[in-house]
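Below is one structure; the comments refer to it alone.
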Amino acid sequence: MKILIAGAGSVGRYMAKQLAASGHSIIVIDNDANAVSRLQNTDLITSVQGDACEVDVLSAAGAANADVIAAVTGDDEDNLVISLLSKQEFGVPRVVARVNNPNNEWMYNEMWGVDVAVSTPHLLTGLVEEAVTQGSLVRLMAFDHGKSGLAEVTLADGSPAINQTIGGLQLPREATVVAVIRDGHVVTPALDTVLHGGDEVMVLSSGDCDAAIRTALIGSK
């Protein structure tokens with residue numbers, strides 16, 4: 001795939017190297033000559049100095065042929081402008097944008113051309129909650145502009161899900177168990193998988209069904 005990354009900071013450089021290692025063709029754009037110089041060009045990585053908020057720069061970098069554009073600069077305003085140009089001017093199929101300030105996350109939507117918004121502060125908060133919280137529904141990630149998400153529940157004593165099979169859970173149709181982590185190992189869920197106390201149950205859901213998931217895995221409070 002051809003992937004264009006706007007931002008040659010530590011995040012952009014790391015992404016470029018990792019994606020290139022998977023065989024993707026990467027173009028990295030940054031207005032800072034020093035940042036661009038830190039990224040060594042290879043057969044799969046090309047660095048371009050320029051302002052990715054400008055249509056001409058994106059065009060010259062090949063945005064029209066990109067499969068994915070990732071706006072990962074340290075400035076939310078720039079990331080939104082880049083996302084909007086990518087979608088409206090070049091029709092890029094998938095636009096991923098980095099959220100620096102969680103207060104700005106509400107703007108990262110389809111109106112600004114964003115397909116997937118990644119908020120590092122929110123992700124870290126969710127992971128910390130997941131590590132220290134038992135018997136609560138913890139939202140880890142959101143997808144599709146917040147319409148879908150991945151949540152985790154660690155089954156505490158008294159959970160109605162303990163000793164139940166996954167198929168026997170009263171989960172809503174919009175939710176499905178995608179993984180169970182038990183004793184440090186991932187258990188691939190099946191309808192006849194029996195849940196144990198202390199299991200970390202990962203649930204992928206769409207729509208507003210958190211209350212029903214809590215009832216099935218935590219119980220009524």
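Readers should treat all values here as calculations from the given coordinates under stated rules, not as data from a laboratory. On a predicted model such as this, the values are computed, not experimentally measured, just so you know. Neighbour counts run over all protein chains shown; Cβ positions are idealised from the backbone, glycine included.
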Using a Cα distance threshold of under 27 Å, what count of lysine pairs results for the chain when pairs must be 8 or more residues apart or interchain? 5
Would you mind calculating the gained length between E110 and N41 on full extension (0.36 nm times residue separation, minus the Cα-Cα distance), in nm to one decimal? 21.6 nm
Treating only Lys and Arg (+1) and Asp and Glu (-1) as charged, each at its beta carbon, one finds that region 133-217 has a dipole about its Cα centre, in Debye to the nearest 20, of 120
Treating only Lys and Arg (+1) and Asp and Glu (-1) as charged, each at its beta carbon, one finds that region 2-118 has a dipole about its Cα centre, in Debye to the nearest 20, of 480
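Can you give the charge dipole size of the chain about its Cα centre, rounded to the nearest 20 debye, using +1 on the beta carbon of Lys and Arg and -1 on the beta carbon of Asp and Glu?
Using only the charged Cβ atoms, the result is roughly 420 debye.
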Over its Cα atoms, what ratio of radius of gyration to 2.2 N^0.38 Å does region 2-118 give? 0.95
In the chain, what % of DSSP beta bridges are antiparallel (nearest 5)? 50
What does the extension gain come out to for D75 and C209, with contour length at 0.36 nm per residue minus their alpha carbon separation? 44.9 nm
Region 133-217: radius of gyration over Cα atoms, expressed as a fraction of 2.2 N^0.38 Å: 0.99
Relative contact order as a percentage, the chain, C-alpha pairs under 8 Å and 6+ apart, gives 13
Among 199-211, 183-195, how do they line up from the highest to the lowest mean number of other beta-carbon atoms within 10 Å? 199-211, 183-195
With the crude spin-label approximation of a point 7 Å out along Cα→Cβ, what separation in nm comes out for A179 versus N65? 3.6
Percent RCO, i.e. relative contact order, over region 133-217, from Cα pairs under 8 Å lying at least 6 residues apart: 36
Computed lengthening from N101 to V187, 0.36 nm per intervening residue step minus Cα-Cα distance: 27.4 nm
May I ask which residue of A70, G7, I213 lies farthest towards the positive end of the charge dipole of the chain, with charges of +1 (Lys, Arg) and -1 (Asp, Glu) on Cβ and the Cα centre as origin? I213
Of the residues G23, V178, A60, the Cα lying farthest along the dipole of the chain towards its positive end, which is defined by charges on the beta carbon of Lys, Arg, Asp and Glu, belongs to V178
With label points set 7 Å from each Cα along the Cα-to-Cβ direction at E89 and A21, the distance between them in nm comes to 3.3
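Sort the following peptides by mean Cβ neighbour count (other Cβ atoms within 10 Å, averaged over residues), highest first: 84-95, 169-180.
Result, highest mean Cβ count within 10 Å first: 84-95, 169-180.
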Rounded to the nearest 10 degrees, what's the angle between the helix 76-88 long axis and the longest principal axis of the chain, both from Cα atoms, 0 to 90? 80
For the chain, taking Cα atoms only, what is the radius of gyration to one decimal and the Dmax to the nearest whole Å? 20.7, 60
